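Enquirer: Got a structure for you, questions after.
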Amino acid sequence: MTGGGADSSGPIRRSRLAEYAEPADADASSGIPAPVPDTPFAAAPPSPTTTPAPSETDAIARRRREFAAVLGEFRRTAVLLPVDADEAPLTADYGGIRWILAFSNESALARFAIARGEGEREWAYQRVLGARLLDAGVPAVGVPCGVALDAASGAEGVLFPPVAGIVPDAAAVDVRTEEARQ
């Protein structure tokens with residue numbers, strides 16, 4: 001089997017995903033992909049007008065450290081990026097954000113395909129370094145965009161929203177430009 005390199009310049013990999021599928025979650029039998037769960041990292045920070053209790057502050061700091069570790073690992077890892085016939089990545093729109101769907105391995109992609117009722121068809125994908133996806137892929141979309149890793153994988157899924165510190169500031173929805181400030 002041959003696959004694309006981390007720079008996605010290699011050949012597109014085609015696979016019968018059902019061959020790699022681990023038993024799908026019970027939700028997958030409905031044919032509807034399970035949503036990527038909200039992670040504790042995606043929770044809104046406490047309001048600046050209220051001071052969190054010391055134990056709450058510690059929990060927030062711990063969750064931020066945990067997310068930073070997950071983000072760092074994602075940036076260093078090649079992920080599977082399903083593409084269509086035109087080599088455009090598979091995306092989904094939710095909450096005013098376009099999400100590029102990426103998968104950590106063929107089993108995670110297979111769970112997603114089966115949940116969509118498309119487990120028997122061949123899926124084309126490229127291997128792309130997570131950092132390249134966040135730093136170049138997200139800004140290239142041209143609309144608010146993040147990355148959903150391992151959709152339909154339950155609690156294993158992670159969202160990388162288009163915010164400062166995750167994507168370049170030019171693509172972050174929480175960064176105002178100089179023109180907007182004036």
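Enquirer: Treat every Asp and Glu Cβ in the stretch 49-105 as -1 and every Lys and Arg Cβ as +1, leave all other atoms uncharged, and give the resulting dipole magnitude about the Cα centre to the nearest 20 debye. Provide the component values of the computation, followed by the final result.
Expert: On the way: 7 positive and 8 negative charges, 75 e Å.
Here the size comes out at about 360 debye.
Enquirer: Next up: For the stretch 66-182, what are the per-bin percents of Cα-Cα distances with bins 5 Å wide, up to the bin holding the maximum?
Expert: Spelled out bin by bin, the stretch 66-182 gives 2, 11, 21, 25, 19, 12, 5, 3, 1, 1, 0 percent.
Enquirer: For the full complex of protein chains and a 1.4 angstrom probe, list 173, 141, 158 by accessible area with the highest value first. Please report the intermediate quantities before stating the final value.
Expert: Values: 173 85, 141 45, 158 20 Å².
Reading off the accessible areas and sorting them downward yields 173, 141, 158.
Enquirer: Ignoring everything but the protein chains, give the 1.4 Å probe accessible area of residue 121 in square angstrom, nearest 10.
Expert: The accessible area of residue 121 comes to roughly 100 Å².
Enquirer: Also, quick follow-up: So what's the gap between the Cα centers of the stretch 139-180 and the stretch 113-136, to the nearest angstrom?
Expert: 18
The values are calculated or read from the model by the stated rules, or taken from the named source; none is laboratory data. All values derive from a computational prediction rather than experimental measurement. All Cβ positions, glycine included, derive from the backbone under ideal geometry; neighbour counts span all protein chains shown. When the accessible area is computed, the model is the full protein with side chains, heavy atoms only, and any ligands, DNA or RNA have been set aside. Shrake-Rupley method; radii C 1.70, N 1.55, O 1.52, S 1.80 Å.
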